[in-house]
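The values are calculated or read from the model by the stated rules, or taken from the named source; none is laboratory data. What you see is a predicted model, and the numbers here were worked out from it, not measured in a lab. Note that each Cβ is placed from the backbone with ideal geometry, even for glycine, and that neighbours are counted across all protein chains shown.
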Amino acid sequence: MSEARRKLDALTKPLGVLVVIGVLFLAFAPESIWHGGGVSPASERKAAADFTLQDIDGKRWSLAEQRGRVVLVNYWATWCPPCRQETPGLVRLANEYKAKGLEVVGITLDEDLTAVSEFAAEYHIPYPILIPSNASNLTMMIESIPVSLLHDRQGRVAKRYVGAVSDATLKRDVDLLLGEQ
(Lines give C-alpha, C1' and ligand atoms only; values in the text may rest on other atoms or scores of the structure.)
Protein backbone atom coordinates (compact mmCIF):
# COMPACT_ATOMS: atom_id res chain seq x y z
CA MET A 1 0.00 0.00 0.00
CA SER A 2 1.35 3.39 -0.92
CA GLU A 3 2.10 6.09 1.61
CA ALA A 4 -0.55 8.35 0.09
CA ARG A 5 -3.17 5.60 0.40
CA ARG A 6 -2.30 5.03 4.09
CA LYS A 7 -2.65 8.76 4.80
CA LEU A 8 -5.99 8.85 2.98
CA ASP A 9 -7.25 5.85 4.97
CA ALA A 10 -6.06 7.46 8.19
CA LEU A 11 -8.16 10.54 7.38
CA THR A 12 -11.29 8.85 6.00
CA LYS A 13 -11.84 6.29 8.76
CA PRO A 14 -12.38 8.93 11.49
CA LEU A 15 -14.46 10.98 9.05
CA GLY A 16 -16.67 7.95 8.37
CA VAL A 17 -17.15 7.42 12.10
CA LEU A 18 -18.10 11.09 12.54
CA VAL A 19 -20.64 10.85 9.72
CA VAL A 20 -22.24 7.78 11.31
CA ILE A 21 -22.35 9.50 14.70
CA GLY A 22 -23.91 12.59 13.10
CA VAL A 23 -26.58 10.56 11.32
CA LEU A 24 -27.43 8.68 14.51
CA PHE A 25 -27.59 11.93 16.47
CA LEU A 26 -30.00 13.46 13.97
CA ALA A 27 -32.13 10.32 13.84
CA PHE A 28 -32.47 10.12 17.61
CA ALA A 29 -32.12 13.79 18.49
CA PRO A 30 -34.38 15.11 21.19
CA GLU A 31 -37.39 17.02 19.97
CA SER A 32 -35.88 20.22 21.35
CA ILE A 33 -33.39 20.18 18.44
CA TRP A 34 -36.27 20.56 15.99
CA HIS A 35 -38.75 22.61 18.02
CA GLY A 36 -36.49 24.38 20.48
CA GLY A 37 -36.28 28.03 21.21
CA GLY A 38 -39.78 28.55 22.54
CA VAL A 39 -42.16 31.08 21.11
CA SER A 40 -40.94 34.23 19.43
CA PRO A 41 -40.96 37.46 21.45
CA ALA A 42 -44.22 39.42 21.13
CA SER A 43 -42.42 42.32 19.45
CA GLU A 44 -41.26 40.03 16.61
CA ARG A 45 -44.59 38.31 15.89
CA LYS A 46 -46.41 38.95 12.64
CA ALA A 47 -50.18 39.04 12.28
CA ALA A 48 -51.57 35.91 10.70
CA ALA A 49 -53.76 36.21 7.63
CA ASP A 50 -57.38 35.77 8.61
CA PHE A 51 -59.30 32.88 7.12
CA THR A 52 -62.79 31.44 7.37
CA LEU A 53 -63.46 27.81 6.46
CA GLN A 54 -66.14 25.22 6.98
CA ASP A 55 -65.56 22.23 9.21
CA ILE A 56 -66.46 18.65 8.31
CA ASP A 57 -69.91 19.20 9.84
CA GLY A 58 -70.58 22.24 7.64
CA LYS A 59 -70.10 24.82 10.42
CA ARG A 60 -68.21 28.05 9.70
CA TRP A 61 -64.94 28.69 11.62
CA SER A 62 -62.99 31.95 11.49
CA LEU A 63 -59.55 32.75 12.87
CA ALA A 64 -60.59 36.37 13.50
CA GLU A 65 -63.40 35.19 15.79
CA GLN A 66 -60.81 33.51 18.03
CA ARG A 67 -59.14 36.77 19.15
CA GLY A 68 -58.54 36.67 22.89
CA ARG A 69 -57.75 32.95 22.76
CA VAL A 70 -54.48 31.17 22.00
CA VAL A 71 -55.00 29.18 18.78
CA LEU A 72 -53.14 26.13 17.50
CA VAL A 73 -53.77 25.42 13.80
CA ASN A 74 -52.61 21.95 12.74
CA TYR A 75 -52.27 20.99 9.04
CA TRP A 76 -52.52 17.22 8.71
CA ALA A 77 -53.90 14.23 6.78
CA THR A 78 -55.19 10.78 7.70
CA TRP A 79 -52.60 9.07 5.48
CA CYS A 80 -49.65 10.84 7.17
CA PRO A 81 -47.85 8.63 9.78
CA PRO A 82 -46.37 11.57 11.78
CA CYS A 83 -49.83 13.16 11.83
CA ARG A 84 -51.28 9.97 13.30
CA GLN A 85 -48.43 9.95 15.84
CA GLU A 86 -49.11 13.47 17.11
CA THR A 87 -52.93 13.34 17.09
CA PRO A 88 -53.36 11.76 20.56
CA GLY A 89 -51.24 14.56 22.04
CA LEU A 90 -53.31 17.20 20.25
CA VAL A 91 -56.49 15.59 21.60
CA ARG A 92 -55.08 15.63 25.15
CA LEU A 93 -53.98 19.24 24.73
CA ALA A 94 -57.37 20.34 23.39
CA ASN A 95 -59.25 18.61 26.19
CA GLU A 96 -56.97 19.91 28.95
CA TYR A 97 -56.56 23.52 27.73
CA LYS A 98 -59.92 24.42 26.16
CA ALA A 99 -61.24 25.93 29.41
CA LYS A 100 -57.91 27.75 29.92
CA GLY A 101 -58.21 29.69 26.66
CA LEU A 102 -56.73 27.43 23.95
CA GLU A 103 -58.52 26.70 20.70
CA VAL A 104 -57.12 23.78 18.68
CA VAL A 105 -58.23 23.38 15.07
CA GLY A 106 -57.14 20.94 12.39
CA ILE A 107 -57.02 21.66 8.68
CA THR A 108 -57.20 18.41 6.76
CA LEU A 109 -55.36 17.99 3.50
CA ASP A 110 -57.37 14.85 2.71
CA GLU A 111 -59.72 14.64 -0.24
CA ASP A 112 -61.70 11.72 1.23
CA LEU A 113 -63.90 13.32 3.89
CA THR A 114 -65.30 9.93 4.90
CA ALA A 115 -61.78 8.90 5.95
CA VAL A 116 -61.47 12.18 7.90
CA SER A 117 -64.75 11.56 9.76
CA GLU A 118 -63.71 8.00 10.58
CA PHE A 119 -60.29 9.18 11.76
CA ALA A 120 -61.90 11.87 13.96
CA ALA A 121 -64.19 9.28 15.54
CA GLU A 122 -61.37 6.75 16.06
CA TYR A 123 -59.11 9.33 17.76
CA HIS A 124 -61.98 11.08 19.61
CA ILE A 125 -60.97 14.46 18.17
CA PRO A 126 -62.86 17.16 20.11
CA TYR A 127 -61.74 20.13 18.03
CA PRO A 128 -63.01 21.40 14.66
CA ILE A 129 -61.53 19.86 11.52
CA LEU A 130 -61.60 22.38 8.70
CA ILE A 131 -61.69 21.75 4.98
CA PRO A 132 -59.62 24.15 2.86
CA SER A 133 -61.49 25.50 -0.14
CA ASN A 134 -60.04 25.11 -3.61
CA ALA A 135 -59.45 28.86 -3.65
CA SER A 136 -57.68 28.83 -0.28
CA ASN A 137 -54.09 30.08 -0.10
CA LEU A 138 -53.66 28.38 3.27
CA THR A 139 -52.19 25.17 1.93
CA MET A 140 -49.82 26.96 -0.46
CA MET A 141 -47.38 27.67 2.40
CA ILE A 142 -47.26 24.05 3.55
CA GLU A 143 -44.29 22.12 2.18
CA SER A 144 -44.76 19.01 4.31
CA ILE A 145 -47.08 17.79 7.03
CA PRO A 146 -47.76 17.92 9.82
CA VAL A 147 -47.26 21.63 10.32
CA SER A 148 -48.72 23.55 13.24
CA LEU A 149 -48.95 27.29 13.79
CA LEU A 150 -49.36 28.63 17.31
CA HIS A 151 -51.11 32.02 17.46
CA ASP A 152 -51.14 34.36 20.44
CA ARG A 153 -54.28 36.07 21.78
CA GLN A 154 -53.88 38.90 19.24
CA GLY A 155 -53.81 36.51 16.29
CA ARG A 156 -50.08 36.77 15.66
CA VAL A 157 -48.00 33.69 14.81
CA ALA A 158 -45.84 32.95 17.85
CA LYS A 159 -44.31 29.68 16.66
CA ARG A 160 -44.30 27.32 13.68
CA TYR A 161 -43.72 23.60 14.20
CA VAL A 162 -42.66 21.48 11.23
CA GLY A 163 -43.15 17.76 11.79
CA ALA A 164 -44.83 15.96 14.65
CA VAL A 165 -44.56 17.78 17.95
CA SER A 166 -45.18 16.38 21.42
CA ASP A 167 -47.93 17.62 23.66
CA ALA A 168 -45.25 18.39 26.29
CA THR A 169 -43.60 20.90 23.94
CA LEU A 170 -46.96 22.36 22.98
CA LYS A 171 -48.02 22.66 26.63
CA ARG A 172 -44.83 24.56 27.46
CA ASP A 173 -45.40 27.03 24.64
CA VAL A 174 -49.16 27.34 25.21
CA ASP A 175 -48.62 27.98 28.93
CA LEU A 176 -46.22 30.79 28.04
CA LEU A 177 -48.76 32.41 25.69
CA LEU A 178 -51.66 31.97 28.10
CA GLY A 179 -49.57 33.73 30.74
CA GLU A 180 -49.04 36.79 28.54
CA GLN A 181 -51.23 39.84 29.18
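Per-structure values
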quantity	calculated
Qualifying residue in segment 65-82 (condition: outside any loop (DSSP other than H, G, I, E, B) and among the aromatic types (Phe, Trp, Tyr))	yes
The lone exception for Leu150 - which of (1) outside any helix (DSSP H, G or I); (2) in contact with an Asp or Glu (Cβ under 9 Å, 6 or more places away or on another chain); (3) within 23 Å of Asp57 (Cα to Cα) it fails	(3)
Residue that is surrounded by the most Cβ atoms within 10 Å (Cβ to Cβ), among those in segment 55-96 that are in contact with a strand residue (DSSP E or B) (Cβ under 6 Å, 6 or more places away or on another chain) and of a type in the set (S, T, N, Q)	Asn74
Filter result for Val105 (surrounded by 18 or more Cβ atoms within 10 Å (Cβ to Cβ) and in contact with a Gly (Cβ under 9 Å, 6 or more places away or on another chain))	no
Any hit, segment 129-144, residues being touching a residue at least 24 places away in the same chain (Cβ under 8 Å), crowded, with 20+ Cβ neighbours inside 10 Å, not hydroxyl-bearing (Ser, Thr, Tyr) and not in a helix (DSSP H, G or I)	yes
Yes/no for Pro128 being within 24 Å of Glu65 (Cβ to Cβ) and either among the charged types (D, E, K, R) or modelled with pLDDT of 95 or more (or both)	yes
Some residue of segment 107-117 being closer than 19 Å to Leu149 by Cβ, hydrophobic (A, V, I, L, M, F, W, C) and under 17 Å from the mean Cα position of the chain (by Cα)	yes
Residue under evaluation Leu102, criteria (1) in contact with a Ser or Thr (Cβ under 6 Å, 6 or more places away or on another chain); (2) at pLDDT 95 or above, criterion not met	(1)
Residue count for segment 35-55, restricted to those that are over 23 Å from Asp167 (Cβ atoms) and either within 17 Å of the chain's Cα centre (by Cα) or touching a residue at least 60 places away in the same chain (Cβ under 8 Å) (or both)	8
